[in-house]
Every structure is written in C-alpha cells, then in structure tokens.
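One structure is given here, and the rest of the page talks about it.
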Amino acid sequence: MPSTKPHKLTLRAYQVGFGDCFLLTFHYTNKDRHVLIDFGSTGLPKTAPADLMLRVATDIKEQCGGKLHAVVATHRHKDHISGFATSNGKGSGDIIASCNPDVVIQPWTEDPNAKPDATSATRLSDPKSFVGALDSMHSVSESLLSELQGLRTGISRTAFNQLAFLGEDNLTNKSAVENLMNMSKRHFYVNAGSKSGLESVLPGVKTVVMGPPTVDQSNTITKMRSKDADEFWHLLGLAGQAIVRGKGNLFPRAETYAAPPAQSRWLIRRMQKLRGEQMLELVRALDDVMNNTSVILLFQAGDKKFLFPGDAQLENWSYALSQKKTQKLLRDVNVYKVGHHGSLNATPKSLWALFNNRSATASAKRLQTVVSTMAGKHGSSSKGTEVPRSKLVDELKKLSNYFTTQDLRTKSIIRKDFEFDLT
C-alpha cells in the first residue's frame, strides 16, 4: 500500500530579483505534490533576461509536470503576486493558471465576500473599516506616484527611487488578483489558528497558520489604526483622486508664469523637499500595514519543519509569538524562509532566539535559512533600514546555513534546489 506521508521535500528558490517565488515538492511513493508560494517581483537583477518571469513560470510548470496542487499568495504586494498577472493567454500568470491548482490560499483580508468593514473573513464585527482601508491605500499609492513625477527636482534621488518603488509595490495588481480568484474553484482565506486549506492536498503533512491575526484577535496588524486610522486612508484616497483627476485652473484669472520667479525658487525647493519627505513617510506606513496581512505558514513533514512567513513584520508576529503553543512549535524549525527579503523588522529577536537549531558550527541539524532579495531597492544603510539588513545577514551567516538568491548571478541559473529527507 502506498505511503500517505511524504519521504522527501524539494524546495526550489527562484531568482526573481526583489520578490519571492518558492516551489515546494512533497515526494510520496506514488506521486509528487506541488505547492507554489508567491510569485512576484518589483525589480530584476541587471544580468537577468527581460523575459525572466516567463522563464520562471515555464520552469515551474515543467518541474510540477503541469499540475500544481496549491498556490499560496501570502499578501497582495506586487513583489509577491505580480507573476500571476495575465497577458492575452501568454503571460506568466497564464502559465501558472494552466497548472490548475486544486486550492488557492490567501490572507483573510483578500476574501471577496468580506464586507468593507470586516475584521475577519466573511463576517462583520467592527464598525472600523480595515479591509476597506486596504483598498483605499491603493488609491493613495496611485495618487502619490502621479504627484511624484512633479517632484523630481525637489527631493533626493534616493528618496525619489524609494517612493517610486514603494508606491508601485502597493498598486492594486488587478490582473494578478483576478487571476488568483479564478484559477481554482477552492479558495481558503486564512488567519492565525484557522485551517490552512492544504490538509486535503498534502496528506501526512501538518500545516499551521500562525498569521495574520484578524482584527478581532489582535489590532496590532493595523499599525496605523489610531482613533481615525481607517477614515484617514479613505480620505487620502479621495483626496488623491481629486488631485489626479481635477481639470482646469483653481484661479483661472490669476496671472501665471512660465517659470517661477527667482525670488520664489528657494521656497518652492524647500516645499517640494518637505512634501517628498511627507510622501515617503506615508508610503512606508502603507507598506508596513500591507506586509502585516501576510500569511505565516509552518509545514510539519516527517521530522522537519519549514517556516514561510511572507513579509510578516513585527506587528503580525507579535500575536503569534504571544501564544505559548506557537512558541513551542517554532523551537525546532529546520528551514526558515527569511521574512521580508531580509529586513530587520521581519525577523524579531524573540523569533530568532526561539530557533534551537541555530549553531555556529556545521551539523546535520543546523538551521537552513533562505532569503529571496536584491540589494539597493529598499531602505537606507545610513539609517540602518537597508534590505537586506547587514546586521541580520551577518547573524544568519554566523548561526545558520545561509542562502540568498543574490548568489544566482548568471542568466542560465534561475533557481537553487534544496533536498530534505523527511524520514
């Protein structure tokens, strides 16, 4: 009789620049089962071919034999789902959809049946509008990107690049979102403690959903949720639309200048710089809120544990780490997909301290860490916010078998394979 438990796991980490894409293959005696976790990017390496995402999608289809059993989209940021976008049947997302996944797993905030003011999937329990606020954030991003084009000379190149990057990452990704909704008949919108939806497609594998919490469980995921946080996002979205779509002059009879008078240029430059700083602060806050809706999944197969936290940051982790049963499960993790491309805030010290398999010496049990990232896209080294964070990377290298997709530098190598014996 065939075994109902996998005996081996292959983990494929794909080179997608600043983004995530992992294909897990659970090997059973009678067949293999494949789970794709995220597929997106907001910046490809300079050495990458222009059609890299198509190549990755094609390789995924080849490796899974044209059949995916599950797709996990941890959250809606572009660097995690842009690869699911379609293009007249020829896009990378079309290739993934043709693999006919049995189930699609997403965070509870993506439930299309959730009311705009929902605090958990498909039910209403709070007058505040967290789900609706997420949608308003996209309008804010679109407005900021539009306004940004007029500030090129008023802010530093670094601030301009970060604003463009973060703003683009927070756009709606409509094609990818719709493709995820339509590529399977079975969808699971998960939260901390709920069933993962993977139970039926991965026999003999235990999957634990550690995040995100619902607002009912913990309102720390709504980092911007002060007294009027949700209304704040809605108003900004509306204000942004008014700025972008407005027509005509505010004061049609006023005298105008082709170029600003010399005496006003000093003031204009400083106003532009201040506005640039305000925009950057706003879009960073937006980015944090979206990251804190990330699905955190722990796979238990045989004697191994594999942790995939998406981009979950401290506010998301705080709920999971407050649970004693969760702490116990995390102690003997064997493989850790480093959160948020190696940002310091996504690997809390309290989480890192739980990993008993950390070790300064090589051994069969030593923790394996894997990060998908690209330097120079996010944060500032002078402020200690660069991604990947150098202090974190040093610690990962010191106490684990560390791998980064940045090591995949040639056009011909688009992935790194890891094999794990589960017996």
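The values are calculated or read from the model by the stated rules, or taken from the named source; none is laboratory data. Being a predicted model, the structure only gives us computed values, none of them experimental. Cβ: placed from backbone, ideal geometry, glycine included. Neighbour counts: every protein chain shown.
Would you confirm, using the coordinates I've provided, whether T347 is farther than 27 Å from E199 by Cβ, of a type in the set (V, I, T) and modelled with pLDDT of 90 or more? It is true that T347 is farther than 27 Å from E199 by Cβ, of a type in the set (V, I, T) and modelled with pLDDT of 90 or more.
Checking every residue in segment 168-190 against the condition of being surrounded by fewer than 18 Cβ atoms within 10 Å (Cβ to Cβ), closer than 21 Å to L307 by Cα and at pLDDT 55 or above gives zero matches. Do the conditions hold for L54, that is, is it within 23 Å of I95 (Cβ to Cβ), in contact (Cβ under 8 Å) with a residue 24 or more places away in the chain and surrounded by fewer than 21 Cβ atoms within 10 Å (Cβ to Cβ)? Judged against the criteria, L54 is a match.
So that you can scan it fast, the table gives a plain yes or no per residue for (1) surrounded by fewer than 18 Cβ atoms within 10 Å (Cβ to Cβ); (2) polar (S, T, N, Q):
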position: G376; (1), (2): yes, no
position: K383; (1), (2): yes, no
position: P388; (1), (2): no, no
position: L392; (1), (2): no, no
position: L396; (1), (2): no, no
position: Q406; (1), (2): yes, yes
position: S412; (1), (2): yes, yes
position: D417; (1), (2): yes, no
position: T423; (1), (2): yes, yes
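Regarding segment 317-333, can at least one residue be identified that is under 20 Å from L24 (Cβ atoms) and of a type in the set (F, W, Y)? No, there is no match, as no residue in segment 317-333 is under 20 Å from L24 (Cβ atoms) and of a type in the set (F, W, Y).
Scan segment 13-33 residue by residue and report those that are more than 19 Å from P49 (Cβ to Cβ) and touching a helix residue (DSSP H, G or I) at 6+ places or on another chain (Cβ under 8 Å). Once the filter is applied, which keeps residues that are more than 19 Å from P49 (Cβ to Cβ) and touching a helix residue (DSSP H, G or I) at 6+ places or on another chain (Cβ under 8 Å), segment 13-33 yields D20, L23, T25.
Need at least 1 residues that are modelled with pLDDT under 95 per element, so show me which strands (runs of 3 or more DSSP E) inside segment 1-114 make the cut, counting only ones lying wholly within it.
103-107
Taking the criterion of being at pLDDT 95 or above, in a loop (DSSP other than H, G, I, E, B) and of a type outside the set (F, W, Y), would at least one residue in segment 313-329 satisfy it? No. Residues in segment 170-202 that are closer than 15 Å to R76 by Cβ and of a type in the set (S, T, N, Q): N170, T172, N173, S175, N179.
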